[in-house]
Amino acid sequence: AQTVTQSQPEMSVQEAETVTLSCTYDTSESNYYLFWYKQPPSRQMILVIRQEAYKQQNATENRFSVNFQKAAKSFSLKISDSQLGDTAMYFCAFMTSSNSGYALNFGKGTSLLVTP
Amino acid sequence: DAGITQSPRYKITETGRQVTLMCHQTWSHSYMFWYRQDLGHGLRLIYYSAAADITDKGEVPDGYVVSRSKTENFPLTLESATRSQTSVYFCASQGGFATEAFFGQGTRLTVV
């Protein structure tokens, strides 16, 4: 079974500061994909960043970057210069193609609050 | 309108009734998914589909039925609704394997 674990149910950060959200996963597959999705209070799911496991370079999207440690099966999200609009639920997700399926498997989420 | 839409947005139904949640996407994406979101559980996969007439069970399929006769539609049916099926349901689609998944706005279902 493939699992995604987010160990921080809630986090808080002040505006303009940096925060890191943790994610670990478990798989026996060698090729897979990792994602971070954001869900603001509007409930809409929005892709933040995507990482392909065979790429060693960490993905970056503006203020969002990841620290992908393949051997440790860790995929943390760093948000720099936090903004009030970053307040949301953040989900780490994993996807592979195997006999066990090909859908996105999500962690339970981290609720991030950005304060003034 | 282009995109992925779910209907209804809100639904209240009684225990034992059959209810169908609709999902429609305009991109002709091959992959479609149904998730339920509950506090403390994140998003859990109910069913998914790689193409028309191909569906697979996810983590929590019991009590649900899906069909995919057309690429653009992926309805989810609760055959006999139970209170434990009170949840927010999300439909999603993907154009290709491991590409960005696009989500609908969600359907909040309450079973009384």
### Task
Starting from the Kirkwood radius over alpha-carbon pairs of the stretch A:15-68, derive D by Stokes-Einstein at 25 °C in a medium of 0.890 mPa s and give it in µm² s⁻¹.
190 µm²/s
### Summary
Residue-ordered couplings for the stretch B:86-93, obtained by feeding phi - 60° into the Karplus form 6.51 cos²θ - 1.76 cosθ + 1.60 and rounding to whole Hz (Gly and Pro as x), are 5, 5, 9, 10, 10, 9, 9, 9
### Query
How well do other chains shield peptide B:30-42, expressed as the mean number of their Cβ atoms within 10 Å of each residue Cβ?
3
### Task
Starting from the Cα of A:Lys70, draw a straight line to each of the lysines and keep only those under 18 Å, dropping any in the same chain fewer than 8 residues away.
A:Lys55, A:Lys78
### Message
Give the average, rounded to an integer, of partner chain Cβ atoms located within 10 angstrom of each Cβ in B:52-61.
### Response
1
### Summary
Fewest to most Cβ atoms within 10 Å: A:Tyr25, A:Tyr102 sort as A:Tyr102, A:Tyr25
### Task
Arrange the following residues from fewest to most other Cβ atoms within 10 Å of their Cβ: B:Val65, A:Val19.
B:Val65, A:Val19
### Message
Highest mean first, how do B:85-93, B:21-29 rank when packing is the count of other Cβ atoms within 10 Å averaged over residues?
### Response
B:85-93, B:21-29
### Message
Sorted from largest to smallest, which semi-axis lengths in Å does the alpha carbon gyration tensor of chain A give for its equivalent ellipsoid, taking the root of 5 times each eigenvalue?
### Response
25, 15, 12
### Zero-based 10 Å bins, Cα pair distances in the protein assembly as shown, whole percents
8, 33, 35, 20, 4, 0
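I need to check one value: relative contact order of the stretch B:4-111, counting alpha carbon pairs closer than 8 Å and at least 6 residues apart, in percent.
On the way: 281 pairs, mean separation 39.0, N = 108.
That works out to 36 percent.
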### Residue-wise HN-Hα coupling along the stretch A:45-51, computed from phi with Karplus coefficients 6.51, -1.76, 1.60 (Hz; x: Gly, Pro)
8, 10, 5, 9, 7, 9, 9
### Query
Between B:Asn73 and B:Ile54, what length comes free when the chain is fully extended (0.36 nm per residue of separation minus the Cα-Cα distance, one decimal in nm)?
5.6 nm
#### Entry: Length-normalised contact order for the stretch A:1-66 - Cα pairs under 8 Å, 6+ apart - percent
23 percent
### Message
Based only on other Cβ atoms within 10 Å, what is the fewest-to-most ordering of B:Arg68, B:Arg17?
### Response
B:Arg17, B:Arg68
### Query
Distance in nm between label sites at A:Lys70 and A:Tyr54, each 7 Å beyond Cα in the beta-carbon direction?
1.0 nm
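All of the numbers you see were taken from the coordinates with simple rules; none came from a lab. Note that this is a predicted model, so its numbers are computed, not measured. Cβ sites come from the backbone with ideal geometry, for glycine too, and all protein chains shown count toward neighbours.
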